[in-house]
1. Go through the residues of the stretch 98-111 one by one and say whether even a single one is among the hydrophobic types (A, V, I, L, M, F, W, C), surrounded by 14 or more Cβ atoms within 10 Å (Cβ to Cβ) and under 21 Å from Gly9 (Cα atoms).
2. What's the total number of residues in the stretch 25-74 that are in contact with a Leu (Cβ under 7 Å, 6 or more places away or on another chain), assigned to a strand (DSSP E or B) and β-branched (Val, Ile, Thr)?
3. Does Leu20 qualify as being touching a Phe, Trp or Tyr at 6+ places or on another chain (Cβ under 8 Å), over 19 Å from Pro110 (Cα atoms) and of a type outside the set (S, T, N, Q)?
4. Can you say whether Ser25 is surrounded by 14 or more Cβ atoms within 10 Å (Cβ to Cβ) and not aromatic (Phe, Trp, Tyr), as far as the supplied structure shows?
Amino acid sequence: QVQLVESGGGLVQTGGSLRLSCTVSGGTLWKRAMAWFRQTPGKERELVAAVSTGAGTYYIDSVKGRFTIFREDAKNTVFLQMSSLKPEDTAVYYCAARPFGIGSRSDDYPYWGQGTQVTVSS
């Protein structure tokens, strides 16, 4: 069974940086597109960034130039490097996986981590 475990969340000041990690077990990372979603109370989970099996990437406009998603298939791990963080980046961040291509909706992803809280103080 595929399991995803996130780490790296925490509290940071505006302008600071955090790196989130997601390690996949029970399956191989290289066959899957990986994504980071985030969710705040009362809102739907939104796709933040994704990376395909071919290392193509996608970012929402609000994080372009600040966040970087990358994968290390040999370590079965995907990362989200977040810089220049803003209070509006505060959310629970979830790692997700799906076979092959990037999907834009949360329903596209059958595998999820438990989430990690990111809080950016002003």
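The values are calculated or read from the model by the stated rules, or taken from the named source; none is laboratory data. Keep in mind that what you see is a predicted model, and the values were worked out from it rather than measured. Note that each Cβ is placed from the backbone with ideal geometry, even for glycine, and that neighbours are counted across all protein chains shown. In case anyone asks, the SASA skips ligands and DNA or RNA and just uses the protein heavy atoms, side chains included. Shrake-Rupley method; radii C 1.70, N 1.55, O 1.52, S 1.80 Å.
1. No; the residues of the stretch 98-111 include none that is among the hydrophobic types (A, V, I, L, M, F, W, C), surrounded by 14 or more Cβ atoms within 10 Å (Cβ to Cβ) and under 21 Å from Gly9 (Cα atoms).
2. Step one: list which residues in the stretch 25-74 are in contact with a Leu (Cβ under 7 Å, 6 or more places away or on another chain), which gives 35-37, 49, 60, 67, 69, 71, 73.
Of the ones still in play, those that are also assigned to a strand (DSSP E or B) are 35-37, 49, 67, 69, 71.
Checking the rest, the ones that are also β-branched (Val, Ile, Thr) come to 69.
Residues flagged as in contact with a Leu (Cβ under 7 Å, 6 or more places away or on another chain), assigned to a strand (DSSP E or B) and β-branched (Val, Ile, Thr) within the stretch 25-74 amount to 1.
3. Working: touching a Phe, Trp or Tyr at 6+ places or on another chain (Cβ under 8 Å): yes; over 19 Å from Pro110 (Cα atoms): yes; of a type outside the set (S, T, N, Q): yes.
Yes: the conditions hold for Leu20.
4. Details: surrounded by 14 or more Cβ atoms within 10 Å (Cβ to Cβ): no; not aromatic (Phe, Trp, Tyr): yes.
For Ser25, the condition - surrounded by 14 or more Cβ atoms within 10 Å (Cβ to Cβ) and not aromatic (Phe, Trp, Tyr) - is not met.
Each row is one residue, and each column tells you yes or no for (1) closer than 14 Å to Leu4 by Cβ; (2) out of contact with any strand residue (DSSP E or B) (no Cβ under 7 Å at 6 or more places or on another chain); (3) at pLDDT 95 or above; (4) of a type in the set (Asp, Glu).
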residue	(1), (2), (3), (4)
Ser21	yes, no, yes, no
Arg38	no, no, yes, no
Gly54	no, yes, no, no
Ile69	no, no, yes, no
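A quick yes/no check of all residues on (1) within 13 Å of the chain's Cα centre (by Cα); (2) open to solvent by less than 60 Å² (accessible area, probe 1.4 Å):
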position: Gly16; (1), (2): no, yes
position: Asp61; (1), (2): no, no
position: Arg66; (1), (2): no, yes
position: Ile69; (1), (2): yes, yes
